[in-house]
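Okay, so here's the structure we're looking at.
Where a number appears in this text, it was derived from the coordinates with a stated rule and is not lab data. Only a predicted model underlies this, so the values are computations on that prediction, with no experimental measurement involved. Here the Cβ positions follow ideal geometry from the backbone for every residue, glycine too, while neighbour counts run over all protein chains shown.
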Amino acid sequence: MQKSRIEALLYSMLILAAAISILNVFLIQGRAAEINKATKEAEELLKPAKLEVTKILLSECEKCFDIEAAFESIKKQNVDVTKEKTMFSDDSEAKELIRNFNIQKIPYIIISGEINKTQQLKSFFDGVGEFSDEGNVVYTSISPPYYDVSSAKVVGRVSIVNVVDSSCKECVPLAQVISSFKQSGVAISKEDSYEYSSKEGMDIIAKFNITRIPAMLISSEINYYSSISEQIKELTKEKSGFYALHATSPPYRDLKEGKVVGLARLIYLTDSSCAGCYNVKINEQILARLGVFVRESVSYDIFSKEGKGLISKYRIEKAPIVLVSPEASVYPVFVQAWNSVGSAEDDGWYVMKRPENLGTYKDLKANEIVSAR
């Protein structure tokens, strides 16, 4: 009896083991199928997306948006361009596409095919274009210049007119404005220059109420470069198709005063008896950092006739120091900084009174050399 029980139990265990083995086989086979399916899907995703590209170009448009560079950026993705078609905007087929896709800027690219194959590819196209209802991507990141369909003309070609004073070698040119434009991708199609005293220059000055030279007119085509035009609109308003800018940093010619302003002169008041005193010429470097343009400088010793006259006139008690001519008044940063080191006299001269921050100096009243702390 006991033996038959054991045999029955062993038989049941064998059946259970066989069932588990069969189940494991099915599970392993199912998992293998899932792994195989996932592997095939991964391999498929790694394959380049097959795309077809249609480019619509302009027959003539100098310096227009480089659509080929945009096309190259597409090809750098994991794609295989199986078909590439190029047509011009005046072709009948192109005109139909322009209507169907409501294209507003030319040149243009239309992409079809496996545009949603991977999330990475979809994100790329989201950044440079728009998905159409027809299942295509239209490349919309078109920078000027381009052909504007609504106005039927090429837009974004900026013209510049400079009004200059060639006799003012020290005047700060506005060339850096044009350089920054070009670095930002602005297409300068034309640039002219006129002397402020010429007929053309005087006409521009009168028309745009210009008060400083050099000045610059920037055509309203700059409006197609939104980030730049916003900055310009903060400075001036559009008039007769142009924005008028003028010099903001001296030296420049002030037309109301009829002269070039900002050409400062320096007087160094030195002390030949103080060998250990700080080098007063360092002040010119400091003034340069404050934006002051120094046209000329002269040095007088405290024992000279000129030096004694300055000491008496401006009640100077310390040396060496620097005196700056009234022309420096057009430099607001300098004027503000000067309050901490000197005085602004009634005749407009700026006279240093506190040289101790620069180093060793002489106290003229006590006739003593004061060492820098």
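Cβ under 13 Å from Leu245's Cβ, Leu245 left aside: what net charge do those residues give with Lys, Arg +1 and Asp, Glu -1? Walk me through the numbers on the way to the answer.
Numbers: positive: Arg212, Lys233, Lys237, Lys239; negative: Glu234, Glu238.
Summing Lys and Arg as +1 and Asp and Glu as -1 gives +2.
Where does the charge balance sit around Ile213 when Lys and Arg score +1, Asp and Glu -1, over other residues with C-beta under 13 Å from its C-beta?
-1
Just want the ordering: Ser141, Ser89, from fewest to most Cβ atoms lying within 10 Å of their own Cβ.
Ser141, Ser89
What does the charge dipole of region 262-370 about its Cα centre add up to, to the nearest 20 debye, if the Cβ of each Lys and Arg holds +1 and the Cβ of each Asp and Glu holds -1?
60
Label region 53-148 by shape, choosing from rounded, prolate and oblate, from the square roots a ≥ b ≥ c of the eigenvalues of the Cα gyration tensor; if a/c is under 1.5 it is rounded, and otherwise prolate applies when a/b is larger than b/c, oblate when it is not. Present the calculation step by step, with values, prior to reporting the outcome.
Working: a/c = 1.75, a/b = 1.47, b/c = 1.19.
In terms of gyration-tensor shape, prolate.
Sort out for me the Cα centre separation of region 49-88 from region 279-313, rounded to whole Å.
Comparing the Cα centres of region 49-88 and region 279-313, I get a distance of 65 Å.
What distance in nm separates the simple spin-label points at Glu96 and Ser299, each placed 7 Å from Cα in the Cβ direction?
Going by the 7 Å Cα→Cβ label model, 8.6 nm.
Counting other beta carbons within 10 Å of each residue's own, what order do Ile369, Ile218 fall into, fewest first?
So the residues, fewest neighbours to most, are Ile369, Ile218.
Under the rule a/c < 1.5 gives rounded, and otherwise a/b versus b/c splits prolate from oblate, where does region 74-130 land using the Cα gyration tensor?
Note, shape of region 74-130 comes out prolate.
From the residues Ile369, Gly309, Pro355, which one has its Cα farthest along the dipole of the chain in the positive direction, the dipole being from +1 and -1 charges on Cβ of Lys/Arg and Asp/Glu about the Cα centre?
Positive-end residue among those listed: Ile369.
What lysines could a cross-link reach from Lys233, if we take a straight Cα to Cα line under 29 Å and drop same-chain neighbours fewer than 8 places away?
Lys63, Lys105, Lys153, Lys182, Lys190, Lys199, Lys207, Lys256, Lys259
Using DSSP to define loop residues, name the trypsin sites (Lys or Arg not before Pro) in region 132-173 whose beta-carbon has at most 12 other beta-carbon atoms within 10 Å.
Lys169
Compute the longest continuous run of the chain that contains no exposed GluC sites (Glu not before Pro); treat a site as exposed when its DSSP state is not H, G, I, E or B and it has at most 11 other Cβ atoms within 10 Å.
258-373
Run the reach check for Lys362 against lysines, Cα to Cα strictly under 21 Å, same-chain hits fewer than 8 apart removed. What comes back?
Cross-link targets: Lys281, Lys305, Lys308, Lys313, Lys318, Lys353.
Treating the beta-carbon of each Lys and Arg as +1 and of each Asp and Glu as -1, no other charges, what is the dipole magnitude of the chain about its Cα centre, to the nearest 20 debye?
1040
With the chain treated as a Gaussian network of Cα nodes joined by springs under 10 Å, which of Pro173, Pro48, Pro251 yields the largest mean-square fluctuation?
Highest fluctuation among the options: Pro48.
Determine the distance separating the Cα centre of region 121-158 from the Cα centre of region 213-266; give it in Å without decimals.
With region 121-158 and region 213-266 each reduced to a Cα centre, they are spaced 33 Å.
With the Cα gyration tensor of the chain giving a ≥ b ≥ c as the square roots of its eigenvalues, does the rule (a/c under 1.5 for rounded; else a/b larger than b/c for prolate; else oblate) give rounded, prolate or oblate?
oblate
In deg cm²/dmol and to the nearest 500, what is the mean residue ellipticity at 222 nm of the chain if only DSSP H runs of at least 4 residues count, each as -39500 (n - 2.57), divided by the residue total? Each step should come with its number before you reach the end.
Numbers: 10 runs with 125 residues, N = 373.
Rounded to the nearest 500, it is -10500 deg cm²/dmol.
Contour minus end-to-end for Ser240 and Lys256, with contour as 0.36 nm per residue of separation and end-to-end as the Cα-Cα distance?
Contour length minus the Cα-Cα distance gives 3.4 nm.
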